[in-house]
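Below is one structure, written out as structure tokens; comments come after it.
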Amino acid sequence: MTDSMTYAAAVLARCDELATFSEEPRRLTRRFATTALWQAGERVRGWMEAAGMVTRRDAIGNLIGRLGDGDRRTLLLGSHLDTVRDAGRYDGMLGVLVAIACVERLRDRGRSLPYALEVLAFADEEGVRFGTGYLGSSVVAGRFDGADLRRRDSAGVTLADAVRAFGGDPDGLTSAGRDPADLIGYYEVHIEQGPALEAAGVPLGVVGAIAGQSRARIAFTGEAGHAGTVPMALRRDALSAAAEFVSAVEAVARAHDDAVATVGELEVQDGASNVVPGRVVLSLDVRHAADAVRESVAAELFDRADAIANARSVVLEWDVVQETCAVDCSTGLTELVAEAVAACGQPVVRLTSGAGHDAVMLSTIAPIAMLFVRCAGGVSHNPAESVTAEDVAAAIDVSTKFLELVG
Ligand SMILES: [Zn+2]
């Protein structure tokens, strides 16, 4: 077995172990500031300390392991430890554990780096509990929005109370940002969460950009009525309007190269089999690597929704929930990643990330680079998520080489 396969096997065993820290029996669910997340973090803290890192938790409960003196400029590595409901075991965790494996490998080889290195295990990226993502990395980036402290989870617990219960400091969240002058950059390894690498038959991908996102909450309000007595011509059926809109979302996205648009939630309020639907609320998510294309798709969809509502005499509400611009990875760091990939004998495949990552937040304070690892079938946010030891070994090889090139 090659050297890197030994570290890869350890990374996969650790992913398995972390998957046992869950809020729910028999499936992996680990939301922000839960006991399961704390326990997973403490396990990771043990691995960080065994690798020679000094550890701490910051104001929101991100776990940070540091290697190197305080006055040195610092390269940040990391990803997140929180998950969606019924999650896979690699989304997030793989990036944290590959980073720790690189530290262990450098130590085992007797290598030291001419800069400080920190491994960040973010406490919230998915945003499942409080409905807003990147809570962990937004604190590190100094972009935490204090208004979010009043958000409540489904049980009515405020974000402020959750942070306190997690050992954090709600008052310190807006002032805990890192000084960009101290940072060399941020590097994140993540599973691809898509099928491109598998289709290309390669283990790793060099990320050039992360797609922007437009999200909206949309409501069609017509008039509820008796399913047996209201004639078709007199109906103001909110669900029929929504159905027409959902079809338009698919058609408009298909008409723009590389655009993706999704209605992932749809609620028929007070729905019943014998009631003409009076109000439907749905979500819209539009993504593209080019902001202009994403904006024009979103604008076209608004026009379609407006036209559908007018034609059916229903009322349209359109609330923009999120507008995130596409983020370019740093050319300098990304070329070092590509150089490391080539040096390890792997083909250099470049791609855009359709999914958002902690790197989006970190890009506001440091140059960023990302390496994607092939995942079976492109499946993610699903317990069937899977990677191979060989691909993880390749990621460890490339990441170790990258750390040497940065030095
Ligand atoms: Zn992730």
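The values are calculated or read from the model by the stated rules, or taken from the named source; none is laboratory data. What you see is a predicted model; the values in this text were computed from it and never measured. Here Cβ is always computed from backbone atoms with ideal geometry, including for glycine, and neighbour counts include all displayed protein chains. Side chains are part of the model used for accessible areas, which takes the heavy atoms of the whole protein and leaves out ligands, DNA and RNA. Shrake-Rupley method; radii C 1.70, N 1.55, O 1.52, S 1.80 Å.
Table for the structure above
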read-out	value
Subset of the range 50-74 (residues that are more than 24 Å from PRO170 (Cα to Cα), under 26 Å from the mean Cα position of the chain (by Cα) and open to solvent by less than 20 Å² (accessible area, probe 1.4 Å))	MET53, THR74
Candidates LEU120, LEU94, LEU77, LEU149 - the one that is of a type outside the set (Ser, Thr, Tyr), open to solvent by less than 20 Å² (accessible area, probe 1.4 Å) and in a helix (DSSP H, G or I)	LEU94
Every pair of residues 6+ apart whose Cβ atoms lie under 7 Å, when the first sits in the range 27-42 and is within 17 Å of VAL163 (Cβ to Cβ) while the second is among the β-branched types (Val, Ile, Thr)	ARG30/THR83; ARG31/VAL128; ALA33/VAL163
Filter result (more than 20 Å from MET93 (Cβ to Cβ) and assigned to a loop (DSSP other than H, G, I, E, B)) within the range 39-62	GLY52, ALA59
Every residue from the range 1-23 that is acidic (Asp, Glu) and either more than 24 Å from the chain's Cα centre (by Cα) or closer than 15 Å to GLU104 by Cα (or both)	ASP3
Subset of the range 263-284 [in contact (Cβ under 8 Å) with a residue 24 or more places away in the chain and closer than 19 Å to GLU295 by Cβ]	SER283, LEU284
Single unsatisfied condition, ALA162 versus (1) surrounded by 15 or more Cβ atoms within 10 Å (Cβ to Cβ); (2) part of a loop (DSSP other than H, G, I, E, B); (3) not β-branched (Val, Ile, Thr)	(2)
Odd one out for GLY271 among (1) of a type in the set (Gly, Ala, Ser); (2) within 30 Å of ILE365 (Cα to Cα); (3) surrounded by fewer than 18 Cβ atoms within 10 Å (Cβ to Cβ)	(2)
Scan of the range 63-74 for residues that are touching a residue at least 60 places away in the same chain (Cβ under 8 Å) and either small (Gly, Ala, Ser) or outside any strand (DSSP E or B) (or both), ordered by number	ARG73
Verdict on LEU120 being under 27 Å from VAL337 (Cα atoms) and within 16 Å of the ligand (Cβ to nearest atom)	yes
Yes/no for THR388 being open to solvent by 40 Å² or more (accessible area, probe 1.4 Å) and over 22 Å from GLU198 (Cβ atoms)	no
Residue, farthest from the ligand (Cβ to nearest atom), within the range 341-358, restricted to residues that are in a strand (DSSP E or B) and open to solvent by 60 Å² or more (accessible area, probe 1.4 Å)	ARG350
Filtered residue count, the range 171-193, keeping only those that are within 16 Å of the ligand (Cβ to nearest atom), over 19 Å from SER330 (Cα atoms) and open to solvent by 10 Å² or more (accessible area, probe 1.4 Å)	1
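Condition check ((1) more than 30 Å from ILE218 (Cα to Cα); (2) in a strand (DSSP E or B); (3) small (Gly, Ala, Ser)) across all residues:
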position: GLU317; (1), (2), (3): no, yes, no
position: HIS381; (1), (2), (3): no, no, no
position: GLU385; (1), (2), (3): yes, no, no
position: THR400; (1), (2), (3): yes, no, no
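Yes/no matrix, rows are residues, columns are (1) away from the ligand (no atom under 13 Å from the Cβ); (2) surrounded by fewer than 17 Cβ atoms within 10 Å (Cβ to Cβ); (3) farther than 19 Å from LEU67 by Cβ:
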residue: CYS102; (1), (2), (3): yes, no, no
residue: ASP108; (1), (2), (3): yes, yes, no
residue: SER137; (1), (2), (3): no, no, yes
residue: PHE144; (1), (2), (3): yes, no, yes
